[in-house]
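The values are calculated or read from the model by the stated rules, or taken from the named source; none is laboratory data. Only a predicted model underlies this, so the values are computations on that prediction, with no experimental measurement involved. With ideal geometry, Cβ positions are generated from the backbone for all residues, glycine too; neighbour counts draw on all protein chains shown.
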Amino acid sequence: MTATLLRSTESAQYLLTRILADAVDQRLLLPAASELTSYSQHLNTAQQQYCVRTEAGDFFIKRLSAEGTGIERFRAEQDGLLRIMETQSIVTAQPITCGVVDGHSYLILTHTPLAVHGDWLEAGRHIAEMHSHTSDKGYGFEHTTFCGDTPQNNNWSNHWAHFFSEQRIAPLLTQLEMRGDGIRGRERILARCQTRLLGHQPEASLLHGDLWSGNIAFRPDVESSRPVVFDPACYYGDAETDLAMTELFGRFPEAFYKGYQSVRSIDDGYAMRRPVYQLYHVLNHAVLFGNHYMDQAREIIKGLAN
């Protein structure tokens, strides 16, 4: 092991021990949790992630620099997971606490064994049950949530078309324009989005908010491989937005949609609105990961004119 790698390993181990000790000090973990016996790092472009083994059990720890929105992101993720847990509709990664230690924001979760394959029919049913939990405050959430690094303006609104075009699509178009990667015709694009959503006032369902295949898995250690969701970007809005995301970067297995529709029907107008909902995530990927998503965004925008 090189000296640089050794220092990096020692630094990570020290920081993980400090994070666990902080949770113990808050009496959220047993004292034995501060006794770190081993850990493994998961590669992630946005944040450092670790599976840790302690004398008190296994945990999953995420960390970011405390600069910027790190702690706000973890608080939002924790709140989103708790909100989904309250519905008792689908299993989530269970948050324990989040905080700041030595210039690093962290989030501690219980460690859950996960597998890629499982009961997709059951997954569809559980997501539909989650969508059956609604808000009487309208569209939005109590605070800002994050889709990746992107903050989501969740100010409450009673007008869905306005909410989605102005609080989801518009901020991303502005960000791209500010860095010189904008798509021309901002107002025209927003008008097209509003036209597609015009008159659509869905119930305000609890949404996962970032429901792609990388944020759902299955527990292999329980009967029927129960579905588990994680990394939410929660708010209350049109359930179709979650469905649109499941079809964007590789469509979920057909059993998922069969299970979903056994609990909730999918409106005939969904196909017309789906491109607007997918545009949000494609624009967000362009903001987060670069211009190779811009062509896909332009194709969606072109299609909105038809």
Given (1) over 26 Å from Ile266 (Cα atoms); (2) not assigned by TED's automatic domain parsing to the domain that holds Tyr260, index of the condition Thr87 fails
(1)
Restricting the range 175-184 to residues that are of a type outside the set (D, E, K, R) and touching a residue at least 60 places away in the same chain (Cβ under 8 Å), the one farthest from Asn284 (Cα to Cα) turns out to be Ile183
Does the range 172-187 hold any residues that are in a helix (DSSP H, G or I), in contact with a helix residue (DSSP H, G or I) (Cβ under 9 Å, 6 or more places away or on another chain) and surrounded by fewer than 18 Cβ atoms within 10 Å (Cβ to Cβ), and which are they?
Thr174, Gln175, Glu177, Arg186
Check Val228, Val287 and return the single one that is under 30 Å from Ile96 (Cβ atoms), touching a strand residue (DSSP E or B) at 6+ places or on another chain (Cβ under 9 Å) and either hydrophobic (A, V, I, L, M, F, W, C) or part of a helix (DSSP H, G or I) (or both).
Val228
Within the range 151-161, does at least one residue satisfy the condition of being part of a strand (DSSP E or B), touching a residue at least 24 places away in the same chain (Cβ under 8 Å) and in the same structural domain as His292 (by TED's automatic domain parsing)?
yes
Checking the condition touching an Asp or Glu at 6+ places or on another chain (Cβ under 7 Å), within 26 Å of Thr150 (Cα to Cα) and modelled with pLDDT of 80 or more, which residue from Gly99, Gly80, Gly103 passes?
Gly99
Go through the residues of the range 190-204 one by one and say whether even a single one is closer than 27 Å to Leu81 by Cβ and among the basic types (Lys, Arg).
no
Some residue of the range 130-147 being assigned by TED's automatic domain parsing to the domain that holds Tyr270, in a helix (DSSP H, G or I) and of a type in the set (Lys, Arg)
no
